[in-house]
Structure formats: C-alpha cells, structure tokens
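What follows is a set of notes on a single structure, which appears directly below.
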Amino acid sequence: RTVIEGTEIPDCLMITASDVVILTMAIKDCNSGVFARGTAVVTISNVTLNENAFGLRVDDTAQVQIENSTAKNNGVDGVVAFGNSTLEIVGGSVSDNGTSFPANGINTFQDFEGVLRLEGVTLERNSKAGLRLGTQGAVTVFDSVITDNGEDGVVVSGPSSLVNLGDGIKAGNNTITDNLL
C-alpha cells in the first residue's frame, strides 16, 4: 500500500484537474491530505486520510466522490466543503477527528449550488459534531450511522440548509444515537 507522508508541506495532494483517481493509499501529516479546488473532478477510493490538519478539503466548484475510504485522527475536521462544490461520500467512515482542536467529522460552508450526499457512512467519535451543516446547498444522508460524537450528531446552522434524512420517496435508514449533547 502506498503512503504519502508530507512533513511540513501545506497539502499532500492539491488537485485542480479533471478525471483524477486516487486509489488504495494512506495520506498523512499535511495541512490537507487532499485539497480539491477550482473545477477539479476527483474520485477517491479505498484511501485513508489520517493525522492531517484536514483530511479532505473541497472548494470552488470541485466535484469529489469518495468510496469506501476513511478520514480519521485529523487535527481539525475530517472533511470540509466550501463554495459550490459537490461532495459525495459512499461507504467508509469519518471518525476520531478533532485531535488537536475541537472539530467536526464533516463540516460544510457551501453556497446555494453546493451538494453534499452521504450514503452508508459512519460518523463517530469526532470531538464536536458528526455532521455540521453551515451550508445553503442541498444535503442528503441515507443509510448512515452518526454516533458517539463529542457534541451533537447533526447540527444545521446554515440560513437555508436543505437537509434530507429520508422522505416519502426513500426512507433514510439513518441511526443517530449516543451523541453527547
């Protein structure tokens, strides 16, 4: 398994290109394990983002799909999304983040066109919320577990967050339990 270890560099992988695929590796010891920005289009599969300040940052109109990957033991947020980015996480986990600063598993600051979709994701043992939505974009969470986080399981603080945890068309099948607050 490949390990990218960035000692004293800002971002292990900064991606601005399209059609980038990151497979089966560990990325650690950077400000951001992966920073996708601009018009980047990225697929991340079977990757561990650990011991960075941020596991993954997504900004601008970047589109990132993460499959069966882990963001853990990052100093601040495991995953953070800004701008009009699209972030889809299918399978995997975001856990034990906020090791050096009280932080969230997933934290969003997206604009109106931003999209966050979680399916089959476990958010657990993050020092603050499992999922903090300071976003105006659309959020969909299905078949996920949000548990044992230091504060709330889900925080919606954005002015017009559209959060779908299940509806009349598709049951959410989410478990949100045992969060501290």
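The values are calculated or read from the model by the stated rules, or taken from the named source; none is laboratory data. Remember, predicted model here, so these are calculated numbers, not experimental data. Note that we place each Cβ from the backbone using ideal geometry, even for glycine, and neighbour counts take in every protein chain shown. Heavy atoms of the whole protein, side chains included, go into the accessibility calculation; ligands, DNA and RNA do not. Shrake-Rupley method; radii C 1.70, N 1.55, O 1.52, S 1.80 Å.
Brief remarks on what is shown
- Screening Ala40, Ala17, Ala26 for residues that are more than 19 Å from Leu131 (Cβ to Cβ), open to solvent by 20 Å² or more (accessible area, probe 1.4 Å), over 14 Å from the mean Cα position of the chain (by Cα) and of a type in the set (Gly, Ala, Ser) leaves exactly one candidate, Ala17.
- Matching residues, region 78-102, being in a loop (DSSP other than H, G, I, E, B), open to solvent by less than 10 Å² (accessible area, probe 1.4 Å) and either in contact (Cβ under 8 Å) with a residue 60 or more places away in the chain or not hydroxyl-bearing (Ser, Thr, Tyr) (or both): Gly78, Asn97
- No other residue among Gly158, Gly150 is farther than 26 Å from Asp59 by Cα and in contact with a Ser or Thr (Cβ under 9 Å, 6 or more places away or on another chain) apart from Gly150.
- Qualifying residues in region 2-18 (those that are part of a loop (DSSP other than H, G, I, E, B) and touching a strand residue (DSSP E or B) at 6+ places or on another chain (Cβ under 6 Å)) - the one nearest to Gly78 (Cα to Cα): Gly6
- For Thr70, the criteria (1) of a type in the set (Ser, Thr, Tyr); (2) more than 12 Å from the chain's Cα centre (by Cα); (3) open to solvent by 30 Å² or more (accessible area, probe 1.4 Å) hold in every case but one, which is (2).
- For Thr61, the conditions (1) farther than 25 Å from Ile146 by Cβ; (2) in contact with a Pro (Cβ under 8 Å, 6 or more places away or on another chain); (3) not acidic (Asp, Glu) are fulfilled apart from (2).
- Qualifying residue in region 103-124 (condition: basic (Lys, Arg), within 19 Å of Ser69 (Cα to Cα) and in a loop (DSSP other than H, G, I, E, B)): no
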